[in-house]
Amino acid sequence: MKRKFLLIPLIIAALAAAGAAVWYGFFQNEDGPRKALTLYGNVEIRQVQLAFEVSERITSVDVEEGQRVTAGQVLATLGTDRLKQRMRRAESWMDAQKEQVAKLEQGTRQEEIQKARSAVSAAQTEAANARRTYQRLQPLAAEALASRDRIDNARSKAEAAEARLESTKESLNLALEGPRKETIAAARAQLRALEAELDLARQNLADAALQAPSDGIIRNRLLEPGDMASPSRPVLTLALMNPLWVRTYISETDLGRIAPGMTAEVTTDSFPDKVYSGWIGHISPTAEFTPKSVETPEIRTHLVYQVRIFVCNPENELRLGMPATVRIPLGQPPPEDPSIPPCEGG
């Protein structure tokens, strides 16, 4: 009986120790009493394939692999002789059409109107003479003093003169009215089309210089001077360094503890004493199984959500694929603006 009483305190102590262990394991991690979440992932760098917008022969590639470039910097150039010729041709076509539109908009010149009036006057005189000749010959036909052929020819000439008179009158009316509005509208539309062709030719000439869309590092030099470039053939691969991110995963039980815009700290094995500042940029809306490439102490078959931690890299120390540890302090107030601007100088 005495031994039973001695075992009771031992059982109570064991249960207390087990409870403490459970509490410690549930409410604590590497960072202390649930003050932060620790996640594991790898550094990812966004990269773009840079290609020319037009097809031409490459004349120069001005950067090397590993070289840092800035936004707007010229990286490579194309031959421009044919592009300049196309632009000059488009300029000539547009100038000619401008003159045509101006001519139509000004209407008929006074000299042309006067010429049309003179033609009407001449046609009137000719018609009157032909009519009088025919009228003089008609009485002679009854007395057989003029042949039937002569009279028929006179009548035909009179009718032809009348037709020419009507034609010249219509020409005068058209000259007075000027070009039709439909003709002017069509000419203006053609001018706009030629202006667009010229803009396209100028843009193609400008696109002969391949520029960096953002700050970054040249990862691959795929084509060389002399190669034929086209929109489907990348010339360079550019790694965008501002910002880069760490791809990591968070369990469903911790999903409600984080939000886009929350600050984070990133460390790596290569620089264990250095902490890189970052923030949560994206949380996946769908769950997936934990990838085997992610080192995490939790069970790999758990459903997790992908998280992108944007991180500043001012000294270019982080590299693609580098393992990284992310520490997210908990208890942060909700961010007012989750779209934090990129790092400066990174």
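Before moving on, here are some points about what is shown:
- Taking label points 7 Å from Cα along the Cα-to-Cβ direction, Ser167 and Asn316 give a separation of 8.1 nm.
- Here r is the Cβ-Cβ distance between Gln85 and Asn220 and R0 is 30 Å; the resulting FRET efficiency, rounded to 0.05, is 0.35.
- Counted residue by residue at 0.36 nm each, then reduced by the alpha carbon distance between them, the extension gain from Asp227 to Val101 reaches 41.0 nm.
- Taking the C-alpha atoms of segment 182-315, convex hull volume expressed per residue in Å³: 244
- Segment 264-279 - phi-based ³J(HN,Hα) in whole Hz, Karplus 6.51/-1.76/1.60, Gly and Pro as x: 8, 10, 10, 10, 9, 5, 5, 10, x, 8, 10, 10, 9, 7, x, 7
- Extended-chain gain in nm, criterion 0.36 nm per residue less alpha-carbon gap, His282 and Asp62: 75.6 nm
- FRET efficiency for Ile113 and Ala196, using Cβ-Cβ distance with R0 set to 41 Å, rounded to 0.05: 0.70
- Segment 177-221: GluC sites (Glu not before Pro) in DSSP coil with no more than 15 other Cβ atoms inside 10 Å: none
- Pairs exceeding a 27 Å alpha-carbon distance, out of Lys98/Lys181; Lys98/Lys169; Lys115/Lys181; Lys157/Lys181: Lys98/Lys169; Lys157/Lys181.
Throughout, read-outs are computed from the coordinates displayed, never taken from laboratory work. Small disclaimer: the values here were computed from a predicted structure and weren't measured. Neighbour counts are summed over all protein chains in view; Cβ atoms, including those assigned to glycine, are modelled from backbone coordinates with ideal geometry.
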